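The values are calculated or read from the model by the stated rules, or taken from the named source; none is laboratory data. Please read all numbers here as calculations on a predicted model, not as lab measurements. Virtual Cβ from ideal backbone geometry, glycine too; neighbours counted across all protein chains shown.
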């Protein structure tokens, strides 16, 4: 049965300054999902059809009386051949199903025929060009992309130079208790202990690499005196940057009330890309914290396909989100492609966001530059 075309999204010249061209059909499609977002039963084909069940074999039929050893041998031989046939059929069916199914979220086709993500929203700017935006730009949860604003404000309060550790942040028993509560809720946290002292650089790494909600809240409280005051500053800064459709309700993005659009987050991405210390931290693969030990960046695209940053985000409300920058080789030279995708869906939401961004980047400017260049 032919696979139906994905729905097309209307793109107008007003909303899109440089939309990608038509996207070639891809053989790999998303897994079928039910209303809760869970995969359907394993008997469902990736294209939505139900696979034919494996053949069923009944008991061996005895034709006449098995006289003597020779008759028994014939019956046993027939049963063995029947079992062997069934095994071959089942093995071939499993191999065929494996060939037809995508091997993971990174193998799915996330883009629609108009070149934009088929779900959620996206925006990008190639070099100094005007931003291009997908349809359906509306405020939506952004999960941990909110931490980019948190890190940006931290550096506005306390600028860093390359060799500086920055101001200290003390961990007290209330921070340890808060971390325990957040861990029990399934939030992203790093281990802390009372009396621990994090440097500003430590705090930035914890917020941006493993996406620690507990450190984002700790920083917010110690920078502005309270989380509420810090959130108010986040919103004031968003307005100053022209992010008119963004509302921050917490410094970590765990609250689904923290919402934005891909275009608004692109405006922030372009600003933070110009901050050397912030951009360098977002391009760092791993970092060692005093108590938590070595933490790794959730952005697994670093050093691949020209990607040098920036920040992932994911939860049930937001889906997979990714603010990114990738160096591309174009007819006019090497330029940075900066962009954002929001609301991507998959079994692993972080992987879904990364894969959608990679497909979008490859569609816009297919030749990466410096594919292995990223700070260690």
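Here's the yes/no breakdown for (1) surrounded by 12 or more Cβ atoms within 10 Å (Cβ to Cβ); (2) modelled with pLDDT of 95 or more; (3) within 23 Å of residue 323 (Cβ to Cβ):
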residue	(1), (2), (3)
100	yes, no, no
109	yes, no, yes
121	yes, yes, yes
125	yes, yes, yes
> Of all residues in the range 255-270, which are in a loop (DSSP other than H, G, I, E, B) and surrounded by 23 or more Cβ atoms within 10 Å (Cβ to Cβ)?
Replying inline: 258, 261
> Counting just the residues of the range 169-194 that are over 31 Å from the mean Cα position of the chain (by Cα) and not in a helix (DSSP H, G or I), which one comes out farthest from residue 289 (Cα to Cα)?
Replying inline: 172
> Does the range 340-351 hold any residues that are closer than 13 Å to residue 301 by Cβ and either touching a strand residue (DSSP E or B) at 6+ places or on another chain (Cβ under 6 Å) or in a loop (DSSP other than H, G, I, E, B) (or both), and which are they?
Replying inline: 341, 350
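In this structure, does residue 331 turn out to be modelled with pLDDT of 95 or more, in the same structural domain as residue 176 (by TED's automatic domain parsing) and either surrounded by fewer than 18 Cβ atoms within 10 Å (Cβ to Cβ) or in contact with a strand residue (DSSP E or B) (Cβ under 7 Å, 6 or more places away or on another chain) (or both)?
Numbers: modelled with pLDDT of 95 or more: no; in the same structural domain as residue 176 (by TED's automatic domain parsing): yes; either surrounded by fewer than 18 Cβ atoms within 10 Å (Cβ to Cβ) or in contact with a strand residue (DSSP E or B) (Cβ under 7 Å, 6 or more places away or on another chain) (or both): yes.
Answer is no for this residue.
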>> Can you list residue pairs whose Cβ atoms sit under 9 Å apart, with the first residue in the range 106-118 being without any contact (Cβ under 8 Å) to a residue 60 or more places away in the chain and the second being crowded, with 19+ Cβ neighbours inside 10 Å? Count only pairs 6 or more apart in sequence or on different chains.
In response: none
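For (1) in contact with a helix residue (DSSP H, G or I) (Cβ under 6 Å, 6 or more places away or on another chain); (2) farther than 30 Å from residue 170 by Cβ; (3) surrounded by 20 or more Cβ atoms within 10 Å (Cβ to Cβ), each residue gets a yes or a no:
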position	(1), (2), (3)
301	yes, yes, yes
309	yes, no, yes
341	yes, yes, yes
362	no, yes, no
> Any residue at all in the range 173-187 that is touching a helix residue (DSSP H, G or I) at 6+ places or on another chain (Cβ under 7 Å), closer than 17 Å to residue 151 by Cβ and surrounded by 18 or more Cβ atoms within 10 Å (Cβ to Cβ)?
Replying inline: no
>> Go through (1) surrounded by fewer than 18 Cβ atoms within 10 Å (Cβ to Cβ); (2) part of a loop (DSSP other than H, G, I, E, B) for residue 251 and report which single condition fails.
In response: (1)
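In the set 233, 277, which member is in a helix (DSSP H, G or I) and either at pLDDT below 95 or more than 30 Å from residue 135 (Cα to Cα) (or both)?
Numbers: 233 fails: either at pLDDT below 95 or more than 30 Å from residue 135 (Cα to Cα) (or both).
The conditions single out 277.
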> Among the residues of the range 140-158 satisfying the criterion of being out of contact with any helix residue (DSSP H, G or I) (no Cβ under 8 Å at 6 or more places or on another chain) and either outside the structural domain of residue 237 (by TED's automatic domain parsing) or not in a helix (DSSP H, G or I) (or both), which is surrounded by the fewest Cβ atoms within 10 Å (Cβ to Cβ)?
Replying inline: 140
> Among the residues of the range 192-221, how many are within 19 Å of residue 285 (Cα to Cα) and surrounded by fewer than 18 Cβ atoms within 10 Å (Cβ to Cβ)?
Replying inline: 2
